[in-house]
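The values are calculated or read from the model by the stated rules, or taken from the named source; none is laboratory data. Worth saying up front: this structure is predicted, and the values here are computed from it rather than measured. All Cβ positions, even for glycine, are placed from backbone atoms using ideal geometry, and neighbour counts span all protein chains on display. For accessibility, only protein heavy atoms count, side chains too; no ligands or nucleic acids. Shrake-Rupley method; radii C 1.70, N 1.55, O 1.52, S 1.80 Å.
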Amino acid sequence: MSTDDGHSAVGTGTAAGAGAGAVGTGSGGASPVAGGHPVSEALHLIRRRLDALPPGRGNSYWLPARTDRPRRAYIAANSSLLHAAAEHAGLPPALLAGIAWQEVQGLPRAVDDAAYAVRRVLRAVVPGPLARRVRDADKTSMGPLAVQVRRAAEVLGYDPGALGGRQRRVVVRAVREPRQNVFIAAAYLAMLRTECDFAAVPAEWLTHDQLQELAARYNGGPYYRVPAAQRYGRAFARDLGAAVEALG
């Protein structure tokens, strides 16, 4: 979860590219999928990629993690998924594993769903001036890697400021679903990478400090220099070895 208006201000984690990979912001073009609901080309590509991957596992829906064991188990069980998502987005798998280590140990996903539902209701019923004090539901972070709904919309090729009802449902379902969530998180990291001075550096050449900066940006978005985001980045760097070990 992040404290910013850049990533996941409320959510499961401890926080908050259209870069070199195939997942990007896209044009919002639609592709037919199950249920008859059109989705963006970026989401269609993610789902096609997932068809060839093992089921994997999500983090706990109801219970927070109290030790490192659930984090290790999550990363180990989803090693193939994390590698595939990182490759899809043009990122080193270690970066995604390190973000997973920080995020999957936070509040259970049930909290995200409750927060999202409450915020949508309050925004609809609270009078105009007071409604501004209710946090935008699309700033709720969801899924194992705690991605905000609006950031998910952005990297999937939708306009986050003009989500229609059907588009919002497609995005929310995608970001809630544990396997799609990992690919969406990777896409968001890839997008953040394009904003860095080292955007052109090949994934395999990214330094430890550069990975730490990306982690801080994942938490803080445009406010990645604030103390909370910097603490997140340092925690990422501290735990990266353990995350990579769990990744195998």
Failed condition for Ala237, given (1) in contact with a His (Cβ under 9 Å, 6 or more places away or on another chain); (2) not in a helix (DSSP H, G or I): (2)
So which pairs qualify, if the first residue must be in the range 157-168 and more than 22 Å from Ala190 (Cα to Cα), the second must be outside any helix (DSSP H, G or I) and of a type outside the set (Val, Ile, Thr), the Cβ gap must be under 7 Å, and the two must be at least 6 apart or on different chains? Arg166/His37; Gln167/Tyr158
Select from the range 224-236 the residues that are open to solvent by less than 20 Å² (accessible area, probe 1.4 Å) and of a type in the set (A, V, I, L, M, F, W, C) and list them in ascending order. Ala229, Ala235, Phe236
For Ala146, work out the one condition from (1) in contact with an Asp or Glu (Cβ under 6 Å, 6 or more places away or on another chain); (2) modelled with pLDDT of 95 or more it doesn't fulfil. (2)
When the range 186-213 is examined, which residues are found to be more than 22 Å from Ile46 (Cα to Cα) and in a helix (DSSP H, G or I)? Glu204, Trp205, His208, Asp209, Gln210, Leu211, Gln212, Glu213
Using the structure shown, decide if Ser79 is at pLDDT below 90 and among the hydroxyl-bearing types (Ser, Thr, Tyr). no
Of all residues in the range 152-169 being part of a helix (DSSP H, G or I) and in contact with a Ser or Thr (Cβ under 8 Å, 6 or more places away or on another chain), the one that is least open to solvent (accessible area, probe 1.4 Å): Val155
